[in-house]
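Every number here is computed from the coordinates shown, using simple stated rules; none is lab data. A quick note: this is a predicted structure, and the numbers were derived from the prediction, not measured. Virtual Cβ from ideal backbone geometry, glycine too; neighbours counted across all protein chains shown.
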Amino acid sequence: MIKIRDLEKIYRTEEVETVALNKISIDVKEGEFVAIMGPSGCGKSTLLNILGLLDDPDTGSFLFNNIEVANFNERKRAELRKHNIGFVFQSFNLIDELTVFENVELPLIYTGVKSVDRKKRVEEVLDKMQIMHRRNHYPQQLSGGQQQRVAVARAVVNNPKLILADEPTGNLDSSNGNEVMTLLTDLNEQGTTIIMVTHSEHDARYSHRIIRMLDGQTVLENIMV
Amino acid sequence: MFKHYLKISFRNLAQQKVLTGINILGLSIGIACFSLFLLYAVNEFSYDRFHTKADRIYRIIEWWEGEGREPGGSGSISTPVAPAMKKDFPDVEYAVRTTDRGCLARVNDHVFHTSITFADADFFNIFSFPLIRGDVHTALKDPGHLVVTREKALTLFGTTDVVGKTIQIKIDTAYKPFTISAVAENIPANSSKSFQLLGNFEHLANTEMVKQSSNNWHMTIGIDAFVLLKQESRLATDHKRLALFRKKYAEEEIQDRKELKKGKGKKDQQQAVQSGIRLQPLRDIHMNPQVEGGADPKNIWILITIAAAVLLIACINFTTLAIGRSAGRAKEIGVRKVMGSERKQLIVQFLSESFLLSVLSAVTGLILACVLLPLFNQLAGRQLYFSFSRFPELMWLLGGLTLLVGLLAGSYPALVLSSFNPVEVLKRKIRVGGSNLFTRSLVTLQFVLSIGLIISTIVILQQIAFMRSKNIGFNKENVVMINTQRVDAKRIYPLYKQAIQSNTGIMDITAGEMGLGSGEGQMGRGYRNYKEEISGVIEYPGDYNFLNALGMQLVAGRYFDPAIASDTMSAVIVNEELVHTVLGTTTANALGKTINTAKGNNPPKTIIGISRNFNFEDLTHQVRPQLFSRPANLEPARIYVRLQAGDPAAKLALLSNAWKKLVPDAPFEYNFVDEKFDLFYKSEERWSTIAGWAGGISIFLACLGLFGLAALAAVNRTKEIGIRKVMGATVTQVAGLLSKDFIKLITIALVIASPPAWYFMNNWLQSYAWRINITWWVFGLAGLFSLLVAVTTISIQAIKAAMANPVNSLRTE
Ligand SMILES: Nc1ncnc2c1ncn2[C@@H]1O[C@H](COP(=O)(O)OP(=O)(O)OP(=O)(O)O)[C@@H](O)[C@H]1O
Ligand SMILES: [Mg+2]
């Protein structure tokens, strides 16, 4: 599903050049659950952003479902993204001005789903995440664990083939964290490919494979059994 | 999708109550101002369009052009022109003359002074003034017929059911009965032709003036004439045919002119002025400044520009506040992009927010405009009302305006906000401080406009005060000027003088054939000194004591003397200007010289006195040559009474009582001369009021924006302020930190605004022969005022932010 080769991303400021990704190559097959680990600043988030088509690499090749997307423009990336990829962030990133229902509904609006279908689909997902009773609350009225469940609901509402999660449990206590990990595992078992960045060895154990990074490169891969 | 945008827009607006309030208040004030001026402009440009045959109606005008002269025309045309045109040109379907006269009228026993219009019987065949009683074909059929307007019928009779009733009207010397034949609907405000009472022109045929002028192609007696051309006629642009027509009738006059020119020097021949008859489209009358009485469309564009400036300031508020708030929206934008929103969709979302706001503002703005309309009407001197049926163009103009405002205000924020990189905003990398170079420039622009308007207001006010207080060369205070045009003044004047002169409080009494001040006519005949003809000498036939009673001073010679018989025949007093420009000599040499009238065989006049120049016109004019005489046959049009200074009420009562005893059948009409002079500056006063209001509103709007920006700056810098306070900054230091930026901007605005404001106002002042110099402190004052208002506004926010507990502000992160 994902095949990147010699991907490079360099951040240039006035004085310094930071090589965030240094000719990295990774493959992810459909249905896999991959964890990415590494010390702070090694380029995990940068990689995830590129995989999620939020950012473009400087050089290298990126095949997404066998389509070369490394040189897609913003509009094309948005098009591909909204139909195929869901995101879960460490800091939830829910829109404070929207209710739980509306936050989850958002991706459907941008993919042009009809209003009745949207309602059905959102309710289904909220039900599955067990936050239906909070549908009309605003994010600030929810606990961290609840907010992340909403974020996961939002990530899956479009039935994406790929979910990218950047430290999804980073802001949660262990019980809420485990709950989210269970949700992701369930999704993976139903066929969704998941790529997750994490600092927690505990969470990484939920995955099939751990990619360890250092200074913008992969240094080790652990296959889980 | 659209419903989603609308819902989010509403929620966003509702959540940011203060900002939304500022935006709606500002925009609606801007839109209210603009729509009022728009209404005014639409009304001005709609003049006379309501006549169904408007495109075929033309006014006959006299047109001059030639070297050394701006081309221009006059609607005053000699009496025989219109009937001759009807006779000579088959293209002319109808031709009518109209003229306005003042008269005394009597209904039952009530006598009043009114104006009456006389028109040829075809009046209603040309113009579409609807009648509510009577029939257009017969309304003016008979010389004794009279058409009254609904308004006039109601004031005179209390009903519009007045056909057949009689009104006594005194045109020359005796009252004559007129029978009301029809009642016309009130004349629309956007009609340049208007009447209250309309009589048949034939009725004037027997008056001395019309008789004299009826075959005279050189004499004008205040007649306007209109023709209705046939559909296919091209007469209006056929200057050749019109010239031939003029030549046929006015041959001898042209001959006259040629001879006159032979006697003149070369210089004058070069400046030969061609005059001719032209046809001016009816719809052109109100807005063509080249023809006397036409308004200058330039003024309307100036007004629209001012209104647009006010609106722009309000739009800028929206833009800067939206940008200022972007920090708070960055996350929303990032998330939306991650969720698959394209930039285009975000632009649409932000624009729909600003459109929603502009629609709300337009609605409140229109309501505000309706509330302010009476005030505005007073200012504009018009009777305007919002009517989409009368001005259908208003509908799309206002609709377009609303769209434009939304676009203007919302497009920059939409472009900026939608361009945020989602990765960066979600990482809180982008510093969206709310004040980039662009928004700073916008705030500066707001203050440039406001300060410019304030400077203009101060300069206009200064010039008005200067003109009011200028010693114009005679004593205009405490002089009552009584209108004696409608009475047998020759007989009344001495009697009236006798009746009042011995009373205490009456200082002096005199009379003249001309009035003084705004709205008074001027009489000028050509004068000839040796060979040269000089036109533009203004004459004041008056009583012996005219000059001394009004406080005009002599620089040489003597006043008129009743004891010297020749003073009423051949003596004149002239002003210094006449000595210098007409005679080309010094005051010392001018005494005893004679001058001749250019036409007629009047005896030469000897100069017995020279008066010091005084301003008898408004101060845009230099003093012109002036000549005073004491005709043996003085027919006063005005009696001047100088009162003792102090409360005039008792003295006025005395004057009025004496008048009523003497002339019971005519009203006592008077003015104070100084007030008549003040009237000269009505238009300046109007401009100062407009500029003052616009300046006040602009500064208010600009400060409204500042208020919002300062609030946002405080919010965006909450953390910084908290840290600074923890480090030991005082409230004043923090408040200063927040205000410093804005004060800098206003100072820059003052520097930018001053040169163009100086340039424009200096230009404006050039039209005044007597004017002030613009002093530097005007700019200082305007700047100081703006700064004061702005600092007050900002301080409220800055102090609030500075006083907040730093622990609270640090916890928000
Ligand atoms: N916009 C940017 N401009 C400049 N440098 C950047 C930018 N974004 C990331 N970097 C740099 O690129 C490198 C990789 O950053 P990245 O955010 O991918 O690290 P990370 O592995 O996610 O770290 P963490 O575990 O702390 O989240 C870092 O050295 C970082 O400083
Ligand atoms: Mg990271």
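Points to keep in mind about this one:
- Relative to the longest principal axis of the Cα atoms of chain B, the long axis of helix B:437-469 makes an angle of roughly 30 degrees.
- Each Lys and Arg contributes +1 and each Asp and Glu -1, all at the Cβ; summed about the Cα centre of chain B, the dipole is approximately 3060 debye.
- One Cα centroid belongs to the range B:580-648, the other to the range A:5-31; the line between them spans 98 Å.
- Whole-Hz couplings from phi, Karplus 6.51/-1.76/1.60, listed for the range B:489-498; x for Gly and Pro: 5, 4, 7, 5, 3, x, 5, 5, 4, 4
- Three-way shape label, the range A:68-225, alpha-carbon gyration tensor, a/c 1.5: oblate
- Positive-end extreme of charge dipole, the range B:384-517 - chosen from B:Leu403, B:Ile482, B:Val459 (charges on Cβ): B:Leu403
- Structural descriptor for chain A: relative contact order 29 percent, calculated from alpha carbon pairs under 8 angstrom and at least 6 residues apart.
- Where a label projected 7 Å from the Cα of B:Gln383 along Cα→Cβ would reach, residues of the range B:185-226 with amide N under 16 Å: B:185-198
- Computed E for B:Ala563/B:His621 - FRET, C-beta separation, R0 35 angstrom, nearest 0.05: 0.45
- Crossing angle, helix A:174-189 versus chain A [Cα axis fit, 0-90 degrees, rounded to tens]: 80
- Distance histogram for the protein assembly as shown (every C-alpha pair counted, 10 angstrom bins, percent rounded to whole numbers): 2, 8, 13, 15, 14, 11, 9, 8, 7, 6, 4, 2, 0, 0
- Whole-Hz ³J(HN,Hα) from phi, Karplus 6.51 cos²θ - 1.76 cosθ + 1.60, for the range B:559-568, glycine and proline x: 7, 5, 10, x, 7, 9, 4, 6, 4, 7
- Rounded to the nearest 10 degrees, the inclination of helix B:392-418 to the longest alpha-carbon principal axis of chain B is 30 degrees.
- Size of electric dipole in the range A:76-225: Cβ of Lys, Arg +1 and of Asp, Glu -1, about Cα centre, debye, nearest 20: 600
- Distances between placed amide hydrogens fall under 5 Å for A:Met196 paired with A:Val34, A:Ala35, A:Ile36, A:Ala165, all partners being 5 or more residues away or on another chain.
- Cα gyration tensor category, rounded, prolate or oblate, for chain B with a/c compared to 1.5: prolate
- Chain B - percent relative contact order, Cα under 8 Å, separation 6 or more: 15
- Segment B:Thr730-B:Arg491, extension gain: residue separation times 0.36 nm, minus the distance between their alpha carbons: 77.4 nm
- FRET efficiency, 1/(1 + (r/R0)^6) with R0 41 Å, evaluated for B:Lys165 and B:Leu403 via beta carbons: 0.15
- Computed FRET value (nearest 0.05) for B:Glu232 with B:Asn108, which takes r as the C-beta separation and R₀ as 51 Å: 0.50
- When the Cα positions of A:Leu183, A:His199, A:Gln217 are compared along the charge dipole of the range A:158-225, A:Gln217 comes out farthest toward the positive end, with charges on each C-beta of Lys, Arg, Asp and Glu.
- For chain B, calculated [θ]222 nm from helices alone, where every DSSP H run of n ≥ 4 adds -39500 (n - 2.57): -16500 deg cm²/dmol
- Phi-derived couplings, Karplus 6.51 cos²θ - 1.76 cosθ + 1.60 at θ = phi - 60°, listed residue by residue for the range B:794-802: 5, 4, 3, 6, 4, 5, 4, 5, 6 Hz, with x used for Gly and Pro.
- Annotation: extensible slack from B:Ala649 through B:Ser570 equals 24.4 nm (criterion: 0.36 nm per residue apart, minus Cα-Cα distance).
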